[in-house]
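**Student:** The following block contains the structure, expressed as structure tokens.
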Amino acid sequence: MALLKILQYPDKRLHTVAKPIETVTDDIRRLAADMAETMYAAPGVGLAATQVDRHIRMIVIDVSEDKNHLLTLINPVILAKDGEVVHEEGCLSVPGIYEPVTRAEHIKVRALNLDGLTYQFEAEGLLAICVQHEIDHLDGKVFVEYLSRLKQDRIRTKLVKQQRETM
Ligand code: K1U
Ligand code: ZN
């Protein structure tokens, strides 16, 4: 397994729309394992392939306390949404920034697993928020885009400065 480099906002590659995965191969399974290792090491509760510069529709999530409920979602689709919830979100591609975002409270999701089989589940709480945040990544959207233009500009300036200082 390997730790992957996570793209940092405002990297333009974070705005790439990811392509569906046609076949779940050993290469895909290897990437999923590397993404999980990268997410746990960060540490984070989710990671989208987009964030490691692989523009295919796969995400990994583990919102459990003990970090023992890893979910891999390939070609995830939200089938239904209801309610609204505001939650303070973070992002491994936007380090040190936490801002409230409004999302659907309950969702129904369909995806493929690592055996290429379709599964469905319903989610609420942090899992529902995380699935929506990660699917946004696959659609080329970073959570700061829900914020005002002024906040986005401030975050961009701060992160560009931080990145220059660590070069
Ligand atoms: O997409 C990402 O960058 C992962 C992101 C997922 C997420 C978190 C919170 C709300 C919505 C989406 C993160 O994991 S940020 C880090 C984080 O939230 C966390 C880190 C360690 C322990 C618990 C949470
Ligand atoms: Zn993120």
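The values are calculated or read from the model by the stated rules, or taken from the named source; none is laboratory data. Note that this is a predicted model, so its numbers are computed, not measured. Virtual Cβ from ideal backbone geometry, glycine too; neighbours counted across all protein chains shown.
**Student:** In the stretch 73-84, is there at least one residue being in contact with a Leu (Cβ under 6 Å, 6 or more places away or on another chain) and more than 12 Å from ligand 2 (Cβ to nearest atom)?
**Tutor:** Yes: the stretch 73-84 contains one or more residues that are in contact with a Leu (Cβ under 6 Å, 6 or more places away or on another chain) and more than 12 Å from ligand 2 (Cβ to nearest atom).
**Student:** Which ones in the stretch 115-135 are within 11 Å of ligand 1 (Cβ to nearest atom) and touching an Asp or Glu at 6+ places or on another chain (Cβ under 8 Å)?
**Tutor:** Ala128, Ile129, His133
**Student:** Do you know which of the residues in the stretch 83-114 that are touching a helix residue (DSSP H, G or I) at 6+ places or on another chain (Cβ under 9 Å) and among the charged types (D, E, K, R) is nearest to ligand 1 (Cβ to nearest atom)?
**Tutor:** Glu89
**Student:** Check every one of the strands (runs of 3 or more DSSP E) wholly within the stretch 78-159 and list those with 2 or more residues that are farther than 30 Å from Val24 by Cα, touching a Ser or Thr at 6+ places or on another chain (Cβ under 9 Å) and at pLDDT 95 or above.
**Tutor:** Passing ranges, in order: 85-89.
**Student:** Can you tell me which residue among Glu88, Glu65, Glu124, Glu99 is farther than 28 Å from Pro10 by Cβ and touching a residue at least 12 places away in the same chain (Cβ under 8 Å)?
**Tutor:** Glu124
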